[in-house]
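J.: Structure incoming, see below.
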Amino acid sequence: MQPSANERAPTVVLRELGPDDVDAYRPLRLEALQDAPSAFASSFEEESEREPAATRERLRAGPESATFGAFLDGGLVGTGSLFRLPRRKERHKAYLVGMYVAPAARRTGVGRALVAAVLDRARTMPGLRQVLLGVEAGNAPARALYEAFGFEAFGYERDALIVDGVAYDEVHMVWYLPR
C-alpha cells in the first residue's frame, strides 16, 4: 500500500501497550492467529479461550518485557513483544515474539518500526547480550526484515510446528547487542 503522489503517507504511531489496550490487542492477536497460523506457536482456539484478564496481564510491561503496538489512523495494526529469560544463566537472552502486521498495513514501515522499537528496548536492559527469534522458513519477507536489522540465522528446525496436519520449518535467528 504505497501512497500515490497526491496522497499523504500514512502516519504510524508506535507505543508500548499496557493492560488498558486489551480491547484493541485481543482482536488483532486473534486475527494474527487466523491469518498466519504457521507463524505462531499459539493457536486461534487456545487464544480465544484465554480469559481477557490473562491477556491483560500479558500486556503488563515491566523491566523484563514489553509489547509494542503500531497504530494507523487510530487502529492497532501491528504488534511485537520482547521478553527476557528469567533464569540467572540465561538472563543475557531475550526473545522477540508475537510479531504481526495486519495485511492492509504491510509495506508501510510498520514491521520495521516494531522491530526497531523492540531492539531499542533491548538496548536498555542491563546485561542483555542477544535477542533471539524464530521465523517460519518460508516467510521470506519476514526473514529479510530481520536480516536488515542484523539478525543472523543460526539454526533450522524441521517440523517446528504442525498446523492442520501440515509441517512448517523454522529458522532460528539471533541479533547481538554491541558490547
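Each reported figure results from applying straightforward, stated rules to the coordinates on display, with no laboratory input. All values derive from a computational prediction rather than experimental measurement. Here Cβ is always computed from backbone atoms with ideal geometry, including for glycine, and neighbour counts include all displayed protein chains.
J.: Considering only residues that are β-branched (Val, Ile, Thr) and within 13 Å of the chain's Cα centre (by Cα), which ones fall in segment 92-147?
T.: VAL97, VAL101, VAL110, VAL115, VAL118, VAL131, VAL135
J.: For ARG60, which of the numbered conditions (1) among the basic types (Lys, Arg); (2) out of contact with any Lys or Arg (no Cβ under 7 Å at 6 or more places or on another chain); (3) surrounded by 14 or more Cβ atoms within 10 Å (Cβ to Cβ); (4) touching a residue at least 12 places away in the same chain (Cβ under 8 Å) fails to hold?
T.: Looking at each condition in turn, ARG60 falls short on (3).
J.: Starting from residues that are among the hydrophobic types (A, V, I, L, M, F, W, C) and in a helix (DSSP H, G or I), keep the ones in segment 34-65 and report whichever is nearest to the chain's Cα centre (by Cα).
T.: Once the filter is applied, the top-ranked residue is ALA39.
J.: Another question, if that's okay. Go through (1) within 22 Å of ALA102 (Cα to Cα); (2) surrounded by 11 or more Cβ atoms within 10 Å (Cβ to Cβ); (3) of a type in the set (A, V, I, L, M, F, W, C) for ALA144 and report which single condition fails.
T.: Looking at each condition in turn, ALA144 falls short on (2).
J.: Would it be correct to say that VAL131 is assigned to a strand (DSSP E or B), in contact (Cβ under 8 Å) with a residue 12 or more places away in the chain and under 29 Å from GLY62 (Cα atoms)?
T.: yes
J.: What about LYS89, is it closer than 22 Å to ALA148 by Cβ and either within 17 Å of the chain's Cα centre (by Cα) or free of Cβ contacts under 8 Å to residues at least 24 places away in the same chain (or both)?
T.: no
J.: Follow-up question, since we're still on this one. Quick check on my filter: what residues within segment 126-141 are under 19 Å from ALA66 (Cα atoms) and either buried (at least 19 other Cβ atoms within 10 Å of the Cβ) or not aliphatic (A, V, I, L, M) (or both)?
T.: PRO126, GLY127, LEU128, ARG129, GLN130, VAL131, LEU133, GLY134
J.: Which residues, counting only those in segment 69-114, are among the β-branched types (Val, Ile, Thr) and in a strand (DSSP E or B)?
T.: VAL77, THR79, VAL97, VAL101
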